[in-house]
Amino acid sequence: MQAFQQNLTKLEAADTQVLGVSMDSRFSNQAWAQQIGVTFPLLSDWGGDVTKEYGLYNPQYKAARRATFVVDKDGKVTDIKLDKEAVDPTKTVEACQARKLNR
Amino acid sequence: MKHVLLAALLAASSLPAIYAADQPAAPTPTVKVGDMAPDFTLTDQNGNKVSLHEFKGKKNVALAFYVFAFTGG
């Protein structure tokens, strides 16, 4: 999430809201956000309903797989990055900037 | 001696496959490009409710699922 924070200005310039989601409790997220200086929402999917709905629940870790979805203004998924490509937001930033240019 | 070495090599090379077979496959996203993103309402780190539909017609959303708080990425 640190990498998304570092790219927040670029993402906001591309009309993009960043939302982090994990199965952590809200209090874990609160402490972590303060520690690393994240200013965008870190959402608590306690119980994993949303994680499961997106098909990202990993029973081995009882947690989500690392994935970043770009959702456009119509609510449609336009880009998915997994694992290492989801950790480094460069490609997500590019996808969002491309969307901005297309509009 | 050659045969023993060969057998050892073969055994060693098949080990990763055996190990990998023991690991459950990583989940594959059921939401695909072109699908409508399933809506949700979740609580952020400050106790505010945030819904995906709030951004409809206003902003793109980068929805970043992470594994655990207090880890990298």
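Observations on the structure shown:
- Qualifying lysines (Cα of each under 23 Å from Cα of A:Lys62; at least 8 residues distant if same chain): A:Lys52, A:Lys81, A:Lys84, B:Lys32
- FRET efficiency estimate (nearest 0.05) - Cβ-Cβ, B:Val4 to A:Gln60, R0 25 angstrom: 0.10
- Inter-site label distance for A:Lys52 and B:His53 at 7 Å from Cα along Cβ, in nm: 2.2 nm
- When peptides B:45-52, A:9-16 are sorted by average Cβ neighbour count within 10 Å, with the highest value leading, the order is A:9-16, B:45-52.
- For segment A:9-35, backbone nitrogen atoms closer than 20 Å to the point 7 Å from A:Gln97 Cα along Cα-to-C-beta are found at A:9-19.
- FRET E, pair B:Asp39, A:Ser25, Förster distance 22 Å, beta-carbon r, rounded to 0.05: 0.50
- Projected over every direction and averaged, the convex hull enclosing the alpha-carbon atoms of chain A yields 6.5 nm².
- Partner chain coverage, peptide A:8-16 - average Cβ within 10 angstrom: 2
- Helix-only [θ]222 nm of chain A, DSSP H runs n ≥ 4, -39500 (n - 2.57) each, per residue, nearest 500: -11000 deg cm²/dmol
- Calculated diffusion of the protein assembly as shown, Stokes-Einstein form, Kirkwood radius summed over Cα pairs, 37 °C and 0.692 mPa s, µm²/s: 190 µm²/s
- Two-site FRET efficiency, A:Thr39 against B:Thr71, from Cβ-Cβ distance with R₀ of 25 Å, rounded to 0.05: 0.85
- 3J(HN,Hα) along segment A:83-89: 6, 4, 5, 7, 5, 8, x Hz, from the Karplus curve 6.51 cos²θ - 1.76 cosθ + 1.60 with θ = phi - 60°, whole Hz, x for Gly and Pro.
- Taking every DSSP beta bridge that has both ends in the protein assembly as shown, the antiparallel portion is near 65%.
Read-outs: derived from the displayed coordinates by stated rules, not from any lab. All of these numbers come straight from a predicted model, not from anything done at the bench. Counting neighbours? That spans all protein chains shown, and the Cβs are built from the backbone with ideal geometry, glycine included.
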